[in-house]
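The values are calculated or read from the model by the stated rules, or taken from the named source; none is laboratory data. Predicted model, so just to flag it, every value in this text is computed and none were measured. Cβ sites come from the backbone with ideal geometry, for glycine too, and all protein chains shown count toward neighbours.
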Amino acid sequence: MLNQNIINMYSIEEAKKLRLEFWGQFGKRCEIHPSLRERKKKWMLHRTKTRGVALRFEASRSDAKVILELSHKNEDKRLKAYEILENYKVVIEDGFPDGLIWEFFHQREDSGQEVARIYTVLNNVNYHRRTDWPDIYNFFIENMLRLEENFLMVRDVLKEEVG
């Protein structure tokens, strides 16, 4: 008898199919969400109008994250942007009762790129379990709406100071 705790191993094709289905279902969920229905572009993500700043969704086998990422290749500019955001921490964290996680150094697994991150996390969810998808989607929508709104309040200052 197989141990129920063994993680299912997926072929590359199966993993790709699951990933596409997960994000496709998320897109459908966004289409019907009352706060997103009227938006032409559902999410700001890389269209922040600020060089080296992006908003990201991330889902894994252990958690889900909504992230404000500073990825400017110039380390001084990236750290300056991080310091500016720290000065506006009260604004950035508004509406996040437990605050946000602030990492001035993070190495991205997919590219190895060094970035700074400010994020919130939903632990103990696994995007490989379809039963977790509703919780992940609700977490993504609620927290990204809040993070986008907060970021927009400080975007002009960040653009002016960092360029």
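Numerical summary
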quantity: Filter result for the condition that a residue is under 20 Å from residue 21 (Cα atoms) and surrounded by 12 or more Cβ atoms within 10 Å (Cβ to Cβ), over 59, 54, 116, 81; calculated: 59
quantity: Some residue of the stretch 49-61 being under 30 Å from residue 75 (Cβ atoms), polar (S, T, N, Q) and outside any helix (DSSP H, G or I); calculated: yes
quantity: The lone exception for residue 96 - which of (1) outside any helix (DSSP H, G or I); (2) under 14 Å from the mean Cα position of the chain (by Cα); (3) at pLDDT 95 or above it fails; calculated: (2)
quantity: Residue 28 vs. criteria of a type in the set (Lys, Arg) and in contact with a helix residue (DSSP H, G or I) (Cβ under 6 Å, 6 or more places away or on another chain); calculated: no
quantity: Any hit, the stretch 99-118, residues being touching a residue at least 60 places away in the same chain (Cβ under 8 Å), in a strand (DSSP E or B) and under 20 Å from residue 144 (Cβ atoms); calculated: no
quantity: Residue match in the stretch 119-128 (condition: within 12 Å of the chain's Cα centre (by Cα), surrounded by 14 or more Cβ atoms within 10 Å (Cβ to Cβ), modelled with pLDDT of 95 or more and not aliphatic (A, V, I, L, M)); calculated: yes
quantity: Given (1) of a type outside the set (A, V, I, L, M, F, W, C); (2) surrounded by 11 or more Cβ atoms within 10 Å (Cβ to Cβ); (3) modelled with pLDDT under 90; (4) in a loop (DSSP other than H, G, I, E, B), index of the condition residue 14 fails; calculated: (4)
